[in-house]
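The values are calculated or read from the model by the stated rules, or taken from the named source; none is laboratory data. Remember, it's a predicted structure, so these values are computed and weren't measured experimentally. Here Cβ is always computed from backbone atoms with ideal geometry, including for glycine, and neighbour counts include all displayed protein chains. Accessible surface areas use protein heavy atoms only, side chains included; no ligands, DNA or RNA. Shrake-Rupley method; radii C 1.70, N 1.55, O 1.52, S 1.80 Å.
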Amino acid sequence: IPLQGRLWLYKGGITETQWKEMGVQYSEELQRVILPVYRNNELVWFQARAVHKQQKPKYLQPSHDKGDIMYQVIPDKPTKVAVLTEDILSAKRVGKFVNTYSLLGTKILIGQAIRLAKYDKVYTWLDNDKAGISGAYNIRRALHLLTNVGNLTSEVDPKNLSDQEIEEILDAIKFT
């Protein structure tokens, strides 16, 4: 992974050991960091993240329907609640403390919602931009038919917070 990609991963709190465990790669052809999503050790989805200036869009991913695919992180002690994030790195960071899923964007699909219905409560924690705020509202509106919902917020993406800051925000909810 070239310097720009490594810096982006480090900024998101992901160490070299972690990105190797996650299977993160770099595509020379796309000039992007590849974030894979596995289910039962099989690659089912990926996101290709721009890390060079002037690259647009920020993320590339397959154009077909994700169905119920989400990036999932379950901590050593699973919880009765779940947190939803937009991106994989945020899910990886928050997932140290609570069951966390990346929706791989700001919209929830029916299959994803059904997978989350087993939780006592689901919290959205999307980016604090227009798309994230709108997405979190719409996700909570859709999920409230299946489970209790709440919202977590921070000035910056969860991936850009320290572990202590993430824990302080999570301390505001009961997630055991």
- Quick one: count up the residues across the range 127-176 that are assigned to a strand (DSSP E or B) and among the hydrophobic types (A, V, I, L, M, F, W, C). 1
- Note on the structure: In the range 107-135, anything β-branched (Val, Ile, Thr) and over 22 Å from Ile173 (Cα atoms) is listed as Ile108, Ile110, Ile114
- Query: Does Asp76 satisfy being within 22 Å of Pro158 (Cβ to Cβ), in contact (Cβ under 8 Å) with a residue 40 or more places away in the chain and of a type in the set (Asp, Glu)?
  - Reply: no
- If you go through the range 87-109 one residue at a time, do you hit one that is under 12 Å from Met70 (Cα atoms), of a type in the set (Asp, Glu) and buried (at least 17 other Cβ atoms within 10 Å of the Cβ)? yes
- Which pairs do you get when a residue that is open to solvent by 30 Å² or more (accessible area, probe 1.4 Å), found in the range 16-30, comes within reach of a residue that is part of a loop (DSSP other than H, G, I, E, B), reach meaning Cβ atoms under 8 angstrom, with the pair 6+ apart or on two chains? Gln25/Ile1; Tyr26/Ile1; Tyr26/Pro2
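To keep it simple, each residue is scored yes or no on (1) hydroxyl-bearing (Ser, Thr, Tyr); (2) within 21 Å of Gly132 (Cβ to Cβ).
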{"position": "Met22", "(1), (2)": "no, no"}
{"position": "Glu42", "(1), (2)": "no, no"}
{"position": "Gln61", "(1), (2)": "no, yes"}
{"position": "Tyr71", "(1), (2)": "yes, yes"}
{"position": "Lys92", "(1), (2)": "no, yes"}
{"position": "Leu109", "(1), (2)": "no, yes"}
- Task: Looking only at the range 46-65, decide whether some residue is touching a helix residue (DSSP H, G or I) at 6+ places or on another chain (Cβ under 6 Å) and of a type in the set (Gly, Ala, Ser).
- Result: no
- Filtering the range 129-152 down to residues that are within 14 Å of the chain's Cα centre (by Cα) and not hydrophobic (A, V, I, L, M, F, W, C) yields Gly132, Gly135
- open to solvent by less than 60 Å² (accessible area, probe 1.4 Å) and under 13 Å from the mean Cα position of the chain (by Cα) - does that describe any residue in the range 59-70? yes
- Query: Out of the range 5-15, which residues are open to solvent by 90 Å² or more (accessible area, probe 1.4 Å) and in contact with a strand residue (DSSP E or B) (Cβ under 6 Å, 6 or more places away or on another chain)?
  - Reply: none
- Task: Quick one: Asp157 ticks every box in (1) surrounded by fewer than 18 Cβ atoms within 10 Å (Cβ to Cβ); (2) closer than 15 Å to Leu84 by Cβ except a single one, so which number is it?
- Result: (1)
- Residue tally, condition surrounded by fewer than 21 Cβ atoms within 10 Å (Cβ to Cβ) and touching a residue at least 40 places away in the same chain (Cβ under 8 Å), over the range 111-139: 6
- Query: Checking Val51 against (1) in contact with a Lys or Arg (Cβ under 8 Å, 6 or more places away or on another chain); (2) within 17 Å of Gly105 (Cβ to Cβ), which test does it fail?
  - Reply: (2)
- Note on the structure: Taking the range 39-55 and keeping residues open to solvent by 20 Å² or more (accessible area, probe 1.4 Å) and touching a strand residue (DSSP E or B) at 6+ places or on another chain (Cβ under 7 Å) leaves Leu43, Val44, Phe46, Arg49, Val51
- Query: Out of Pro36, Pro2, which single residue is over 27 Å from Thr124 (Cβ atoms), of a type outside the set (Gly, Ala, Ser) and open to solvent by less than 70 Å² (accessible area, probe 1.4 Å)?
  - Reply: Pro2
